[in-house]
Amino acid sequence: LKARFILANAEELEQHLKGETFDLIYSFGVIHHSPNPEKIISSLKQFCHKDTRISIMVYSFVSFKTLEAWLKYGYKFNFSFKKSIQFYAEAQLGCPVAYTYNKKELKELFEDYKILRIEKSHIFPYQIEPYKKHQYKKRWFFKILSDDVFSWLESKLGWHWLIHLKLNSDDIAQQHWV
């Protein structure tokens, strides 16, 4: 396989990819850290053809991680859910931008696309200090769960929204006339 790597601001991709289209547009852990995620989402259309698949991951507002951070540290932010989550969203504390979304907000964010599937995934079950040393030790409350129960819990309280999209047929028709 051949690859071309481009270092660019996701809000300004059109400056680097003029006239190019792709079979797959994939973003994992990027867009929710942009000051203007809606600008990025809107601009993706110009890089699509009729068969382009788009797969994006953004953080979930309703998740085990958001609830845990709010319960543990919310008092530091006068129990502001959004501020607590933004501060504790990443391993490096104090992330300047970290948006989270509920399902309704996702549908609004991607209203210009045909949503093929939305699912939740990823509850980080490990103890942090051993994890940093590449030791995967589950916290006690995750150890007692069966794999089936843990998978179900992830589908309800996962930290990651996984959104699979493609262009609306109206957008495809419009592109032929441009």
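Label-to-label distance for Lys82 and Arg117 is 3.2 nm, based on points extended 7 Å past Cα in the beta-carbon direction.
If you keep only loop residues by DSSP, which chymotrypsin sites (Phe, Trp or Tyr not before Pro) in region 87-178 have at most 13 other Cβ atoms within 10 Å of their Cβ? It would help to have the intermediate numbers written out before the result.
On the way: sites: Phe87, Tyr88, Tyr99, Tyr101, Phe110, Tyr113, Tyr126, Tyr131, Tyr136, Trp140, Phe141, Phe142, Phe150, Trp152, Trp159, Trp161, Trp177; in loops: Tyr99, Phe110, Tyr136, Trp159.
Answer in residue order: Tyr136.
Using a 10 angstrom Cβ neighbour count of at most 16 plus a DSSP loop assignment to flag exposed GluC sites (Glu not before Pro), which longest range of the chain is free of such sites? That would be 21-89.
When the Cα positions of His134, Gln92, Leu167 are compared along the charge dipole of region 42-178, His134 comes out farthest toward the positive end, with charges on each C-beta of Lys, Arg, Asp and Glu. Derived scalar couplings between HN and Hα for region 82-92 equal 4, 5, 4, 5, 4, 5, 9, 5, 10, 5, 8 Hz in order, rounded to whole Hz, by the Karplus curve 6.51 cos²θ - 1.76 cosθ + 1.60 (θ = phi - 60°), x for Gly and Pro. The length gained on full extension between Glu105 and Ser146, counted as 0.36 nm times the residue separation minus their Cα-Cα distance, comes to 11.6 nm.
Using the crude model of +1 on Lys and Arg Cβ and -1 on Asp and Glu Cβ, and no other charge, please compute the dipole size for region 1-68 relative to its Cα centre, in debye to 20. If you can, show how the numbers build up before the last one.
Working: 8 positive and 8 negative charges, 38 e Å.
My answer is approximately 180 debye.
Considering only DSSP beta bridges whose two residues both sit in the chain, what percent are antiparallel, to the nearest 5? Walk me through the numbers on the way to the answer.
Working: 15 of 23 bridges.
Beta bridges within the chain, antiparallel portion: roughly 65 percent.
Cross-link partners of Lys132 among aspartates and glutamates, defined as those whose alpha carbon lies under 20 angstrom from its own and excluding same-chain residues fewer than eight positions apart: Glu68, Glu90. The angle between the Cα long axis of helix 64-73 and the longest principal axis of the Cα atoms of the chain comes to about 50 degrees, rounded to the nearest 10. In this structure, the residue pairs whose Cα-Cα separation is over 19 Å, taken from Lys76/Lys133; Lys82/Lys104; Lys103/Lys156; Lys103/Lys143; Lys65/Lys103; Lys45/Lys166, are Lys76/Lys133; Lys103/Lys143. Residues whose amide H comes within less than 5 Å of that of Ser27, counting only those at least five positions distant or on another chain, are Ser55, Ile56, Met57 (H built at 1.01 Å from N in the peptide plane). Relative contact order, whole percent, for the chain stands at 27, derived from Cα pairs under 8 Å and 6 or more residues apart.
Taking the Cα centre of the chain as origin, work out the dipole magnitude from +1 charges on Lys and Arg Cβ and -1 charges on Asp and Glu Cβ, in debye rounded to 20. Each step should come with its number before you reach the end.
Details: 26 positive and 20 negative charges, 157 e Å.
Once rounded to the nearest 20, the dipole reads 760 debye.
All of the numbers you see were taken from the coordinates with simple rules; none came from a lab. Everything numeric here is computed off the predicted structure, so don't read it as measured data. Here Cβ is always computed from backbone atoms with ideal geometry, including for glycine, and neighbour counts include all displayed protein chains.
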